[in-house]
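Asks: One structure coming up, written as structure tokens, with questions to follow.
Laboratory data are not the source of any read-out in this text; all were calculated from the coordinates shown. Worth saying up front: this structure is predicted, and the values here are computed from it rather than measured.
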């Protein structure tokens with residue numbers, strides 16, 4: 001239980017200055033700062049460039065609805081290919097953490 005509380009606390013205590021948000025509102029792609037990334041490779045390449053500039057970054061995949069699973073998958077797999085996982089990665093669906 002203590003470990004769960006630690007992870008939940010960390011989940012919500014991310015440094016916003018080091019946060020990259022991948023926004024998803026449809027299945028057309030993943031939005032990163034106004035640019036639509038249409039494949040897992042494009043997501044990974046963009047995040048690798050960002051990570052090269054600041055290795056303390058955390059990725060937050062934020063979808064408006066779980067029905068956009070194709071774009072959510074691209075964001076998740078691209079993020080993992082770029083090296084983001086564990087405490088440096090989170091997924092929110094309609095503002096709530098995705099439960100595994």
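Asks: What share of the DSSP beta bridges in the chain is antiparallel, in percent to the nearest 5?
Replies: Beta bridges within the chain, antiparallel portion: roughly 35 percent.
Asks: Considering the chain as a Gaussian network with a 10 Å cut-off on Cα pairs, which listed residue, 17, 48, 87, attains the greatest mean-square fluctuation?
Replies: In the Gaussian network model the winner is 17.
Asks: Between 20, 43, 61, which gets the highest mean-square fluctuation from a Gaussian network model of the chain, Cα cutoff 10 Å?
Replies: 20
Asks: Which whole-number percent gives the relative contact order of the chain, counting Cα pairs below 8 Å spaced six or more residues apart?
Replies: Once divided by the residue count of the chain, the mean separation gives 30 percent.
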